[in-house]
Amino acid sequence: MTATTDETVRESAPARRAVAGRVDGPVTQRGTIAAEWLKFRSLRSTVLVLVVAMLGMVLIATIIAFHTQKGVAKDPEDLVASAPLQGYYLGQLLIGSLGVLVVSSDYSSGMIRSTLAAVPKRLPVLFAKTAVFAAVVGAAMIAASVVAFYLAQAVFSGHRATFSLSDSTTLRVVIGTGIYLMLVGLIGSIFGWIVRSTPGALVATLGVILVLPVLLRLVFSGWGPYINAYLPTGAGTSFSTVLRQPHALSPWVGLGVMVAWVVAGLIAAAVVLQRKDA
């Protein structure tokens, strides 16, 4: 009776793994990254949102360039090197949402259970998804920023002074805009890991990125700006804009603060991923 029971247990374990979709054999980080890259480019919605964000950057840069072609504008932000990159206002909305969707779609579709069955240690999945998102979105938004910048300079040419990427400040804001948007997307993915629900994660992301800074500035006009400078949006924009706002951090300190927020968020996401069932 005991032998029969042991044999049944030995036979049922592989069967259970097969049903769960688990594949025996070593799981490498490289293989996990390849799987996450396949999922990213297979989802039509993620590719569409990314393309719209890139086109939005270029379109808004063109509109601003034609509007300020004569070098006359009421807002000083429209006359500096970072002026054509104001499409990042739309970009942070789209890329933040993209970060949420890349993670929450796995939970809503049930794909996360198959993924974690194949990668039982779990953390390689978080590392792989983060690496794929950072590489793809970072490269795409930096490229969009460069194209938007050069397109605006072409419109300015012959009408007003232009800017060049050979200037270190201009190079910083152009590349920095793409990096800032990539970090905003990672914040969205962090809320995707923690909240696991698309509506909830979207509300949390947009609340932190867009709503909280405005509320602090309006409700606490005295010390609100000091706090805003250390929030992700305030810290990140100090790196990606030329005009320095009152109480803003220096550019590189601002980038460091925003990266610290993202790293802290990823640690929290890793803890949640390890402790909660999929």
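The values are calculated or read from the model by the stated rules, or taken from the named source; none is laboratory data. What you see is a predicted model, and the numbers here were worked out from it, not measured in a lab. Heads up, the Cβs are rebuilt from the backbone with ideal geometry, glycines too, and the neighbour counts pull from every protein chain shown. Heads up: the accessible areas ignore ligands, DNA and RNA and are worked out on the full protein's heavy atoms, side chains in. Shrake-Rupley method; radii C 1.70, N 1.55, O 1.52, S 1.80 Å.
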Distance in nm between label sites at Lys70 and Lys121, each 7 Å beyond Cα in the beta-carbon direction? 6.4
Overall Cα dimensions of the chain - principal axes, largest extent first, Å: 91, 41, 29
Hey, got the dipole for segment 17-167? About the Cα centre, +1 on K and R Cβ, -1 on D and E Cβ, debye to the nearest 20? 660
So for the pair Arg244, Tyr230, with labels modelled 7 Å out along Cα→Cβ, what separation do we get in nm? 1.9
Full-extension gain in nm, Arg217 to Leu48, via 0.36 nm per residue minus C-alpha separation: 57.5 nm
What accessible area per residue, rounded to a whole number of Å², is obtained for segment 197-243 using a probe radius of 1.4 Å? 48
Could you check how much of the accessible area of the chain is carbon and sulfur, as a whole percent, using a 1.4 Å probe? 69
If you take the charge dipole of segment 87-213 about its Cα centre, with +1 on Lys and Arg Cβ and -1 on Asp and Glu Cβ, which of Ala134, Val211, Phe191 is farthest toward its positive end? Phe191
Nearest-20 debye value, the chain charge dipole, Cβ charges on Lys, Arg, Asp, Glu: 200
Stretched out fully, how many nm does the piece from Ala268 to Leu38 gain, at 0.36 nm a residue minus the Cα gap? 80.2 nm
Placing each pseudo-label 7 Å from Cα in the direction of the beta carbon, Ser166 and Ala131 end up separated by a distance in nanometres of 3.8
Residue separation times 0.36 nm, minus the C-alpha to C-alpha distance between Val203 and Glu77: what's the value? 42.5 nm
If you take every residue apart from Glu36 with its C-beta less than 14 Å away from the C-beta of Glu36, what net charge results, scoring Lys and Arg +1 and Asp and Glu -1? +4
Could you tell me, in Å, what Rg and Dmax come out for the Cα atoms of segment 190-278? 14.7, 46
